[in-house]
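Participant: Provided herewith is a single structure, encoded as structure tokens, for subsequent inquiry.
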Amino acid sequence: MKEQILGVNVNTENYDELIPKLFANIDTKKKSLVVAINPEKLMKAKDDPALKALLNRAEFQIPDGIGVIIASKLRKGNIESRVTGVDMMDRIVREAAKTGKSIFLYGAKPGVAEAAARKLTDTYPNLQVAGTLDGYEQDTQKVLNAINEAKPEILFVAMGSPKQELWIEQHRDNLYPTLYQGVGGSFDVLAGNIKRAPAAFQKVGAEWLYRLILEPSRLKRQMNLPKFLFEIIRQNK
Ligand code: UDP
């Protein structure tokens, strides 16, 4: 199920409900794209019809960011809990290891995707990593060939948003994988280059606060959240 927040569709399901849907699409060879929706993207999409359309064309939009949950609650919607990009990726990888589907990691600086793949295979020894590639190769045909020769069922693209979603949309008809997820900085997180907030912060949805303490310069970016909530309340009237 989906509900609209500032004109963008967002899935209401949690991880356990989404996983069977994503893997059913792999089994029936129906291509699908997973995008993470957060207040920053929603505020950008509000003034950018092309971005809004791009987000809405994805088969799955997961409610990343506590702001999306608050917005749903304010609008008496059905989104109960966050589905973050990095955790969704982990759940997909776990299921892929269980069901023998292979993955490919494309994006981030040279060496990062390999390091992320090593972390994943440490955690899930049965996981089949079909290949990895950094996100700075300029020859698109080389990238497409590398992925198609590796024949992964699942492709994670980590080039930041909306670059990664645009790339996936542009090329998915010519690519082998059936399931696509844009994962932003997740390879860096997996490789240990970026630390996630301690569990206590994650639990109460305050990862933003932890990041702000570490990097006060993020304040400008984070002002999006109150602006976003103000916009939700304004539009509710
Ligand atoms: N990146 C890339 N190719 C590019 C530009 C960026 O692979 O041409 C990578 C960059 O190295 C980083 C990720 O994309 O690993 C961007 O992560 P960020 O956290 O900025 O993305 P967000 O989750 O904020 O969209």
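Derivation of every value follows stated rules applied to the coordinates shown; laboratory data play no part. Every value quoted in this text rests on a predicted model; they were computed, and no experiment measured them. Using ideal geometry, Cβ is built from the backbone for each residue, glycine included, and neighbour counts are taken over all protein chains shown.
Participant: Using helices alone, what [θ] at 222 nm do you get for the chain, with -39,500 (n - 2.57) per DSSP H run of 4 or more residues, divided over all residues and rounded to the nearest 500?
Facilitator: When only DSSP H runs of four or more count, the value is -15000 deg cm²/dmol.
Participant: May I have the convex hull volume per residue, in Å³, for the Cα set of segment 140-237?
Facilitator: 167
Participant: Roughly what angle does helix 112-123 make with the longest principal axis of the chain, taking Cα atoms, 0 to 90 degrees, to the nearest 10?
Facilitator: 90
Participant: Three principal axis extents, largest first, for the C-alpha atoms of segment 99-194, in Å?
Facilitator: Ordered largest first, segment 99-194 gives principal extents of 32, 29, 19 Å.
Participant: To the nearest whole percent, what portion of all C-alpha pairs in segment 1-95 is separated by more than 22 angstrom?
Facilitator: 25
Participant: Can I ask one more? Within 12 Å, Cβ to Cβ, of residue 115, how many net charges do the neighbouring residues add up to if Lys/Arg are +1 and Asp/Glu are -1?
Facilitator: Every neighbour counted, the sum reads -1.
Participant: Can you give the net charge of the other residues whose Cβ lies under 13 Å from the Cβ of residue 167, counting K and R as +1 and D and E as -1?
Facilitator: -2
Participant: Which number gives the lysine pairs in segment 130-237 that have C-alpha atoms under 19 Å apart and are eight or more places apart or on different chains?
Facilitator: Taking segment 130-237 as the scope, the lysine pair count is 4.
Participant: Could you work out the Kirkwood radius for the chain, taking every pair of different alpha carbons, averaging 1/r and inverting it, reported in Å?
Facilitator: That comes to 18.3 Å for the chain.
Participant: Out of the DSSP beta bridges found with both residues in the chain, what percent are antiparallel (nearest 5)?
Facilitator: 15
Participant: All other residues with a Cβ under 11 Å from the Cβ of residue 80 taken together, and with Lys, Arg as +1 and Asp, Glu as -1, what is their net charge?
Facilitator: Here the count lands on 0.
Participant: Treating the angle as unsigned and between 0 and 90°, give the value, to the nearest 10°, between the Cα long axis of helix 140-150 and the longest Cα principal axis of the chain.
Facilitator: It works out to around 70 degrees.
Participant: For the chain, give the magnitude of the charge dipole about the Cα centre (Cβ charges: +1 Lys/Arg, -1 Asp/Glu; no others), in debye to the nearest 20.
Facilitator: In total the dipole reaches around 720 debye.
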